[in-house]
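Every read-out reported here was derived from the displayed coordinates using simple, explicitly stated rules and does not represent laboratory data. The shown structure was predicted, so the numbers you read here are calculated from the model rather than taken from an experiment. Glycine also receives a Cβ, built like all others from the backbone with ideal geometry; neighbour counts cover every protein chain displayed.
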Amino acid sequence: MEGFVSLLDPRNPDVRVELGMARAEYALRASSMAFAEQLAAIHETLIEARAFPEIFVGPSYLSIPDAVAFAERAAIADLAVRLGLAEQTVRAQAEQARVLLLCAPRVWSGFRDGDIPAPNARIVADLAATLPATAWLAFEDAIVEAASTVAPARFRGCARAARERVQPEAAAELHRRTAEERRVWVEHDIDGMSWLTAYLPSAVAQRAMAHLDCVAQSLVSAPDEPRTLAQLRADVAGDLLAGVLGSEGPHVGVAVGVMVPVLTLLGLSEQPGTLEGYGPIDADTARELAGHAPSFIRILTDPITGTILDIDRTAYRVPADLKRWLQMRDGTCTFTGCGRRAADCDLDHNIAWADGGTTSAGNLSHLCRNHHRLKHNSRWKVEHVPEGITWTSPTGHVSRPDPPPF
Ligand SMILES: [Zn+2]
């Protein structure tokens, strides 16, 4: 019949719209199921790692008391490298699966069937983890239906309210415990800017952070100081901003490194400089910091003889200039994907000094405490190659060096 368009004909826009909606609904369901499967696989792999630690730690370490914990850490690092996720994320995902299985089994099964979207499942896991076992059933009863029908932004509110209702502990006690988590951190943005939950030029944010660090360090060693370094940084920041701690407080010259190519400094090149803890900064800012700011350690790099510090040292102790240069070079822990800043890391001799390894740039790299211990106590293997450092996981996954920070 001329001019007739069937209700199933894709030439009919209503049909195309309906089809688009159905495809999106189907994909969301499939992605929830796939994500639940990822969480389950991570959780179950870590159970295996704890049951069979010999897969991840060498025979000589199987007898140490925390061999199982080490095996778990090595497995988390292995999963993180394979999945391209942060280790914290892998740990958090395993924990989500564990909590949901234990505290909210109906939500877990709805999530695995694709009925409950991943964001809602995560909200349930995060909140259920804060409840004592006696409150789990009541909490799940209160939210299980809404978890599959209410959008995350609103569901979070429902779930929080349900948690308050079933929470047997007093609010003051909860606040006291949560306040122990106080801390300060910097998040780097683009164009030389950073967030210290004030949007600041990175040089200012890095110096502010270094200052907080310095004051906190000076307080943490007091014999009767019960607070951790992270808590002290937060308290010092709070006091400074609230005007409680003025300029009369501990004032130590805090220095942040800035690396400037010599041609840039002379104005003959626009090659970017590098701000310690941040990365590349534009040539103008680099020149300004190197030329005027008193609180920056200037490190000039010669484009031809840039390896001047990379000479073999006969002492085990790492000279301050080499240490500073390595901090700039590495920026962070050199384990694949690890973001802990170099200033908080150990300097590791790749080939031990006792085995003839030198104290030189080619044999030294930054490793955070966690990855340093992993290198020595598990079956993770490290190798220095011209492009950087290669890590081989206990199960044989090889990760190429992360791209350099500059
Ligand atoms: Zn690390």
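A few points about this structure:
- Extent along principal axes [Cα atoms of the range 107-188; Å; largest to smallest]: 39, 38, 19
- Per principal axis, descending, Cα span of the range 187-241 in whole Å: 43, 15, 15
- Most positive-pole-ward Cα, 134, 100, 193, against dipole of the chain from beta carbon charges: 134
- As a length-normalised measure over Cα pairs under 8 Å and 6 or more apart, the relative contact order of the range 99-187 settles at 29 percent.
- Computed [θ] at 222 nm, helices only, for the chain once each DSSP H run of length n ≥ 4 contributes -39500 (n - 2.57): -15500 deg cm²/dmol
- For the range 320-399, average projected area of the Cα convex hull in nm²: 5.3
- The range 187-241 - charge dipole about Cα centre, Lys and Arg +1 at Cβ, Asp and Glu -1, debye rounded to 20: 80
- Across the range 187-241, C-alpha contacts under 8 Å between residues 6 or more apart give a mean separation that, scaled by the residue count, equals a relative contact order of 21 percent.
- Label point distance in nm, residue 282-residue 344, each placed 7 Å from Cα along Cα→Cβ: 3.0
- Relative exposure of 149, 285, judged by other C-beta atoms within 10 Å (fewest first): 149, 285
- Cα-based shape type of the range 13-179, given that a ≥ b ≥ c are square roots of the gyration tensor eigenvalues and the cut on a/c is 1.5: oblate
- Between the range 113-170 and the range 383-402, the Cα center-to-center distance that results, in Å: 41
- Size of the chain as Cα extents on the principal axes (Å, biggest first): 81, 67, 54
- Burial order of peptide ranges 350-363, 95-108 (average beta-carbon count within 10 Å, highest first): 95-108, 350-363
- Here the residues 193, 259, ranked from fewest to most Cβ neighbours within 10 Å of their Cβ, fall in the order 193, 259.
- Taking all Cα pairs closer than 8 Å and separated by 6 or more residues, the relative contact order of the chain comes to 13 percent.
- Scanning the chain for DSSP H helices at least 27 Å long along the axis (C-alpha atoms) with a Kyte-Doolittle mean no lower than -0.5 picks out 13-51.
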